Amino acid sequence: MQIDPQILLAAQRGDRKAQYQLYRICYPVLMTVCARYHRDEQDAVSALNNGFLKITQKLDTWRSGEVPFEAWIRRIMINTLIDMFRREKKWREMTVLTDNMEKTTSGQEQIDWNEADKRISLQHLENLLRRLPPVTCQVFNLFALDGYSHKEIGEMLEISEGTSKWHVNHARQKLQGWIKAEFAAI
C-alpha cells in the first residue's frame, strides 16, 4: 500500500479531506481484518471506524523507517477489535466448554486436503469461519491468521492458554467436519 506522505502529514494536522482520502485508501485492508472478526457487516464497519479514529489520533507516532504503514494500521485495528471484545465480553453469550470433544471414527472416508484447498474459495472459507461461535472464531483468527501465540491470545482476551488451545482445536474440528460433509455431498 503506497500512501502519499503529503496526505499523511495533512491528515496528521487534522485536515478532514486528507483524513477522508486516507480512510478510502486504508478501507480495503482494514475491512478485511474487521470482517474476519465480525459476522455482521454493520458491526465490522463500526469497528473499522473506531479503529480508523485511533489511527488518525496516533498518526504522529508512526515512523516510516521502523514498520510499514500497512502493518502498523493492521496492528492498531486488531488491538481495537480486542479492546471492543473485552468491553462487550460481559454482555455476550459465552461458549460453554466441555471435555466432550467431537470424536472422529476411524471408518470415515479420508479427505484429500490438497484437493479441498483447490476447490474451496476464500469467500467460502470466510463464510465457514463466520459459522463458528464468536469467541472460537476470534481465537482461531488470532492464532491461525494473525500469528499470535496461545499465551498472547490468553493475555489479550483474558482467558487461559488451555482455553485458547481448546478454541483453536474446536474450530479446526468444526471446519474439517463441515468441509468433509460438503465433499461427501459432491
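Collect the residues in segment 30-44 that are buried (at least 16 other Cβ atoms within 10 Å of the Cβ) and assigned to a helix (DSSP H, G or I), keeping them in residue-number order. First the steps, then the outcome.
Residues of segment 30-44 buried (at least 16 other Cβ atoms within 10 Å of the Cβ): 30-31, 33-38, 44.
If the condition is that a residue be buried (at least 16 other Cβ atoms within 10 Å of the Cβ) and assigned to a helix (DSSP H, G or I), then Leu30, Met31, Val33, Cys34, Ala35, Arg36, Tyr37, Ala44 are the ones that fit.
Quick check on segment 139-162: of everything there that is surrounded by fewer than 18 Cβ atoms within 10 Å (Cβ to Cβ) and in contact (Cβ under 8 Å) with a residue 40 or more places away in the chain, which residue is farthest from Thr32 (Cα to Cα)?
Glu158
Counting only residues that are crowded, with 16+ Cβ neighbours inside 10 Å and not hydroxyl-bearing (Ser, Thr, Tyr), how many does segment 6-24 have? Step through it out loud before you land on a result.
Taking segment 6-24 as the starting set, the residues that turn out to be crowded, with 16+ Cβ neighbours inside 10 Å are 7-8, 10-12, 18-19, 21-23.
Filter again for not hydroxyl-bearing (Ser, Thr, Tyr), leaving 7-8, 10-12, 18-19, 21-22.
Going through segment 6-24 one residue at a time, the tally reaches 9.
Give me the residue from segment 59-94 that is under 18 Å from the mean Cα position of the chain (by Cα) and of a type in the set (Val, Ile, Thr) and, out of that set, modelled with the lowest pLDDT.
Top of the filtered list is Ile82.
For the list (1) surrounded by 18 or more Cβ atoms within 10 Å (Cβ to Cβ); (2) not in a helix (DSSP H, G or I), I need the number of the one condition that Ile76 fails.
(2)
The values are calculated or read from the model by the stated rules, or taken from the named source; none is laboratory data. Model, not experiment: these values are computed from the prediction. Backbone-built Cβ (ideal geometry, glycine too); neighbour counts: all protein chains shown.
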